[in-house]
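The values are calculated or read from the model by the stated rules, or taken from the named source; none is laboratory data. Predicted model only: the values in this text are computed from it and were never measured. Every residue, glycine among them, receives a Cβ derived from its backbone with ideal geometry; neighbour counts consider all protein chains shown. Protein only, heavy atoms only, side chains kept; ligands, DNA and RNA dropped before computing areas. Shrake-Rupley method; radii C 1.70, N 1.55, O 1.52, S 1.80 Å.
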Amino acid sequence: GSMEPAFFRGDLLFLGMPDEPVRVGDICVFKISGRDVPIVHRVIKLHDERKTGKQYILTKGDNNQVDDRGLYNPGQQWIHKEDIIGKVKG
C-alpha cells in the first residue's frame, strides 16, 4: 500500500526503459542489490555528479511518511540509474 492511492498492490503497470535521465517525480521500478522483490516508488530527490554523470536518486512511497533509505541496504543512502528496471508509463 505504499503507493496508494496512485497504485494498489496487484495493479498492472506498463514500464518504459529509462533511456532519458531520471527526474524528480518519476515513478520508478527499482531493485536493491541482494533482494528478490523490486520496489515501485517515486523519485523525490536526485543529485547529478558533474564529473562522472552518475545520478544519486532518493525514492519514497507516496503513502509513506519517510524516504526509502530504511529499505535500501545498510549504509546505502541513494540508488543509481543502474538499479532502475524501468519508469512507470501507465
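Does Asp68 qualify as being open to solvent by less than 40 Å² (accessible area, probe 1.4 Å) and of a type in the set (Asp, Glu)?
Values: open to solvent by less than 40 Å² (accessible area, probe 1.4 Å): yes; of a type in the set (Asp, Glu): yes.
When the stated conditions are applied, Asp68 passes them.
Could you tell me whether Tyr72 is free of Cβ contacts under 8 Å to residues at least 60 places away in the same chain, among the hydroxyl-bearing types (Ser, Thr, Tyr) and part of a strand (DSSP E or B)?
no
Just the residues that are charged (D, E, K, R) and either under 20 Å from Arg35 (Cβ atoms) or more than 12 Å from the chain's Cα centre (by Cα) (or both), please, taken from the range 48-83.
Of everything in the range 48-83, those that are charged (D, E, K, R) and either under 20 Å from Arg35 (Cβ atoms) or more than 12 Å from the chain's Cα centre (by Cα) (or both) turn out to be Asp48, Glu49, Arg50, Lys51, Lys54, Lys60, Asp67, Asp68, Arg69, Lys81, Glu82, Asp83.
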